[in-house]
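A short worksheet on the structure shown next.
Read-outs: derived from the displayed coordinates by stated rules, not from any lab. If you're wondering where the values come from, they're calculated on a predicted model, not measured in any experiment. Cβ sites come from the backbone with ideal geometry, for glycine too, and all protein chains shown count toward neighbours.
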């Protein structure tokens, strides 16, 4: 979407740099905000993300979630308990998990934990119910339209032409 909205001015690396700078001393969000404005609010769109809930390398999810919030994306996190060592102390894991939960909730999404597939299934059903959008069909008053007249006229002319072609054309 961003590439379509900005064309040649879109620069993925520049966007990544802006998102990586969220909450740092060298924070520079101008380009990310420009992208968010160009893309516009993404109403009715969401992401369901499966995770262990503890980031230990790469981009802090709170930074990516900052951008998701700017463009109106809800993010639903489904966290499983880590099956291996994360390389983080228990205290650091709790801190990072709390940061992630806070950032998820700011997008309007939810954070759930599960230890089995039944929990995931239940959570996905909750998301499905919560993300339903009611479609409102408004009735419009019908104004004078000549579409039917033109359609009927064109059909009549075509019909007369077909009859003439069938009866008066030279047989092979």
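Data table
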| quantity | calculated |
| --- | --- |
| Spatial separation of Cα centroids for the stretch 109-127 and the stretch 3-55, in angstrom | 26 |
| Highest to lowest packing among 99-110, 115-126, scored as the average C-beta count within 10 Å | 99-110, 115-126 |
| Relative contact order computed over the stretch 1-40 (Cα-Cα under 8 Å; 6+ residues apart), in percent | 45 |
| Potential extension, residue 94-residue 162 segment - 0.36 nm per residue separation minus Cα distance | 16.6 nm |
